[in-house]
Amino acid sequence: MTTQAPPRPAATARDSGKTKLGETMLDVRNLKMYFPVHQGIVIQKKVADVKAVDGISFYIKKGETLGLVGESGCGKTTTGRAVLQLHRPTAGEVLFEGTDLTKLNSKQMRTLRRQMQIIFQDPYGSLNPRMTAGGIIGEPLVIHGLAASKKDRLDRVAELLTTVGLAPYMRDRYPHEFSGGQRQRIGIARALAVDPGFIVCDEPVSALDVSIQAQVINLLESLQEKFQLTYLFIAHDLAVVRHISDRICVMYLGKTMELASREEIYENPLHPYTKALLSAVPIPDPIADAKRERIILTGDVPSPLRPPVGCVFHTRCPIAIDTCKQVIPEWREASPGHFVACHRV
Amino acid sequence: MTTNGTDKLLLDVQDLRTHFFTQSGVVKAVDGVNWQLAEGETLALVGESGSGKSVSALTVMRLIPSPPGKIVSGKILFQGHDILQMSQKEIRAIRGNKIAMVFQEPMTSLNPVLTIRRQLTETLELHLKMNKKAAKDRAVELLLMVGIPDAARRVDDYPHQFSGGMRQRVMIAIALACDPKLIIADEPTTALDVTIQAQVLEVIKDLSERFNTAIMIITHNLGIVARFAHRVNVMYAGHIIETASAKDTYGNPAHPYTLGLLQSVPRLDEPRKSRLVPIEGSPPDLTNLPKGCPFRPRCTFAIDRCAEENPPLMLVGEKHWAACWVDVKTRRPRP
């Protein structure tokens, strides 16, 4: 574990990571995140668990982007937070460069947080309205002791602002003086301040206008190339996820349905849920859109409090058989690198 | 029906201006727009936040809060009568009856303390003077129409017992209650998941075809529009900058902004691009619009004339208008 504290110059921090490009950086094994439901006012009794994430496994290699897609309530955001130990997982392992994060105490975790950061969905709620942009971006530098002097810190803030496409003079402005896209850039600069190797991007463009989304996506991509960043990219927009990800993981009701490379998922989807998701995405072209085969799922996502027995998707699945209602499908490798959980594949 | 069958004009909006008088200045949210809608036609209003699309819709319903808002000028002819000249009583007879609205937020636009049945029968009793019994039967019928299973039982449920997609179906059922001529749907699927979006849009499309209801759908999602609309109006900074059939809007965009929007979204049906082509800059401050074309600071086609004069809508093809001095295909100024 890297616990040495002396401030390192910005450029070398990443190179000192143990993992080389292309090697596994993050390995998540059988991750479970349950939230207890209590009943009673004075004497509280646990009555059930919301199984937000229920036994999922995946890995991310250094320098790549893993896209995590699914509908609201499927557990994708919880997964991102559990990986960073913002929620302490109920069970499972999260190996980051070989260290199991679930075994660390909060002090050890804090040192490691320098290497893993998060960009939030809401550019309005995730910045403190009483701090200036410079204060927000400089705060992680203070907390982790990364700036030797005030001048050092201001220089670094100016550099970060430039990196994300803003101007250094903007550091004295408050969040309300920025547009949504600019605020998201401040959020990105804050995440970059500590030189992380791994960033969880939790729906970073969903709240932005269409014309601004592309700007932020391009920024994330060029930062990845420049700093060899590794992303866990959480989103519900499949077109955006396809654009930015190397591999894609589809979640439904706390479980992983399918995981494969970008090309495989879009050209050769195996799971009926993946197929339905893909066909539901509208395409901005009336002629091309009319030609597509469309699978419209009936019904709603069931409650994670009482997930269906057997395969969680069987209540909406167009090809479900009796086995699906009883037996939980196994998470298996259908072809090299292409994982799926379905009885009918 | 591929395009509108009757071609009978339902709504005719002329030179409409809705401004907001705020402390930081006059916000010209809608500034001189003209558009028409025929019976049974589906019109899409596309634009980013702040482009004036929702304000346009609220103006048609006369729901602009005043102050600070004010309809400064214009006419909205609905079946030949000017909505803007009507008394409160007259407009109330139309609102929810002939023109109905579906809002974006299915979570907050239903009353949480009333049953679904009451929210449906309220409209029926008020506008159609139905008695309680008839209204209840009709309520169940409406819920079945929008695809709510087990409607007879669920009609007595409260909104919180419904999921997001189901609530949006209830909203549509309320909108349909009085057999309206026009439904204004303001971002009807934005708050919903993709698979639910597809369901709700199918319901709206199917109903509009069955009852020959005109739909005005407001959205920022270009994909949704493609599947639905007969015509598309693209708005930017309070102006309509392009209006065309859906086919032309996507296949043959004539305004740099429309072109930019289409290029900036990744598409599932096309090979992946290595980089997206964004529209640089951000939408303008409506209290302080630049002289000339409001899109000029972000436009890659701009010429000198754009800084001086705001282009009007010009005919560029069959039933296709665009407000741009430059022909985006040849990059030459229009004659």
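Choose one answer from A:308, A:272, A:286: the residue with the largest mean-square fluctuation in a GNM of chain A with alpha-carbon springs under 10 Å.
Looking only at A:308, A:272, A:286, the largest GNM fluctuation is found for A:286.
For the pair residue B:153 and residue A:295, how long in nm is the line joining their label points, each one 7 Å along Cα→Cβ?
2.9 nm
Report the Cα centroid-to-centroid distance between the range B:222-295 and the range A:293-345 in angstrom, as an integer.
The range B:222-295 and the range A:293-345 have Cα centres separated by 38 Å.
Can you flag which of A:226/A:275; B:75/B:133; A:291/B:273; B:8/B:28 are past 29 Å Cα-Cα?
Those over the limit are A:226/A:275; B:75/B:133; B:8/B:28.
Angle check, please: helix B:132-145 long axis (alpha carbons) against the longest principal axis of chain B (alpha carbons), in degrees 0 to 90, nearest 10.
50 degrees
In the protein assembly as shown, with Lys and Arg counted as +1 and Asp and Glu as -1 at Cβ, which of these residues, B:110, A:163, A:117, has the Cα nearest the positive end of the dipole, that is, farthest along it?
The Cα lying farthest towards the positive end belongs to A:117.
Output the relative contact order of the range B:117-263, whole-number percent, from Cα pairs under 8 angstrom with separation of 6+ residues.
Dividing the mean separation by the residue count of the range B:117-263 yields 16 percent.
Using only Cα atoms, tell me the angle between helix B:194-211 and the longest principal axis of chain B; keep it within 0 to 90° and round to the nearest 10.
On a 0 to 90 degree scale, this one is about 80.
For chain A, what proportion of DSSP beta bridges, expressed in % and rounded to the nearest 5, is antiparallel?
65 percent
How big is the antiparallel share of DSSP beta bridges in the protein assembly as shown, given as a percent to the nearest 5?
65 percent
Among all the lysines, which ones have a C-alpha under 26 Å from residue B:129's C-alpha, if same-chain residues fewer than 8 places away are not counted?
B:89, B:98, B:181
Probe radius 1.4 Å, ligands and nucleic acids left out: which of B:211, A:96 has the largest accessible area, and how do the rest follow?
Accessible-area ranking of B:211, A:96, largest first: B:211, A:96.
Which trypsin sites (Lys or Arg not before Pro) from the range B:192-286 combine a DSSP loop assignment with at most 13 other Cβ atoms within 10 Å?
Passing both the DSSP loop test and the Cβ count: B:273, B:275.
Do you know the relative contact order of chain B, to the nearest whole percent, from alpha carbon pairs under 8 angstrom that are 6+ apart?
Relative contact order of chain B: 19 percent.
Once Lys and Arg get +1 and Asp and Glu get -1 on their Cβ, which of B:148, B:190, B:163 lies farthest toward the positive end of the dipole of the range B:136-201?
B:148
Relative to the Cα centre, what is the charge dipole magnitude of the range B:203-335, using +1 at the beta carbon of each Lys and Arg, -1 at the beta carbon of each Asp and Glu, and rounding to the nearest 20 debye?
Approximately 300 debye in magnitude.
Starting from the Cα of residue A:47, step 7 Å along the direction of its Cβ; do the same at residue B:15; then give the gap between the two resulting points in nm.
6.4 nm
Please find the FRET efficiency linking residue A:177 to residue A:287, where r is the Cβ-Cβ separation and R0 is fixed at 45 Å, and quote it to the nearest 0.05.
Efficiency, from the Cβ-Cβ distance: 0.55.
Tell me which lysines have Cα within less than 24 Å of residue A:151's Cα, excluding those fewer than 8 residues away on the same chain?
Partners found: none.
Provide the gained length on full extension for the span residue A:333 to residue A:149, in nm with one decimal, where the gain is 0.36 nm per separating residue minus the Cα-Cα distance.
Computed gain between residue A:333 and residue A:149 is 61.0 nm.
Need one number: % antiparallel among DSSP beta bridges in the range A:175-267, to the nearest 5.
Here the share of antiparallel DSSP bridges comes out near 55 percent.
Mean separation of Cα pairs under 8 Å and 6+ residues apart, divided by the residue count of chain A: what relative contact order is that in percent?
Relative contact order of chain A: 19 percent.
Points 7 angstrom from Cα along the Cβ direction at residue A:206 and residue B:247: gap in nanometres?
Distance between the two pseudo-spin positions: 3.7 nm.
Gap in Å between the Cα centre of the range A:94-120 and the Cα centre of the range A:161-176?
Between the Cα centres of the range A:161-176 and the range A:94-120 lies a distance of 29 Å.
Regarding chain B, what are the three Cα extents along the principal axes, ordered largest first, in Å?
Each principal axis gives a Cα extent; for chain B these are 67, 50, 42 Å.
To the nearest 10 degrees, how steeply does helix B:116-128 sit against the main Cα axis of chain B, on a 0 to 90 scale?
The helix B:116-128 is inclined about 80 degrees to chain B.
Under 11 Å from a point placed 7 Å out from the Cα of residue A:267 along the Cα-to-Cβ direction: which residues of the range A:198-241 have their backbone N that close?
none
Assuming 0.36 nm per residue, please report the length gained on full extension of the stretch residue A:39 to residue A:93 beyond their Cα-Cα distance.
Residue separation times 0.36 nm, minus the Cα-Cα distance, leaves 16.4 nm.
Tell me, what is the FRET efficiency for residue A:111 and residue A:131 to the nearest 0.05, using R0 = 35 angstrom and their Cβ-Cβ distance as r?
0.90
For the range A:191-236 and the range A:123-137, what is the separation of their C-alpha centers, rounded to whole Å?
18 Å
The values are calculated or read from the model by the stated rules, or taken from the named source; none is laboratory data. On a predicted model such as this, the values are computed, not experimentally measured, just so you know. Cβ atoms come from the backbone with ideal geometry, glycine included; neighbour counts cover every protein chain shown. Areas reflect the complete protein model, heavy atoms only, side chains present, ligands, DNA and RNA absent. Shrake-Rupley method; radii C 1.70, N 1.55, O 1.52, S 1.80 Å.
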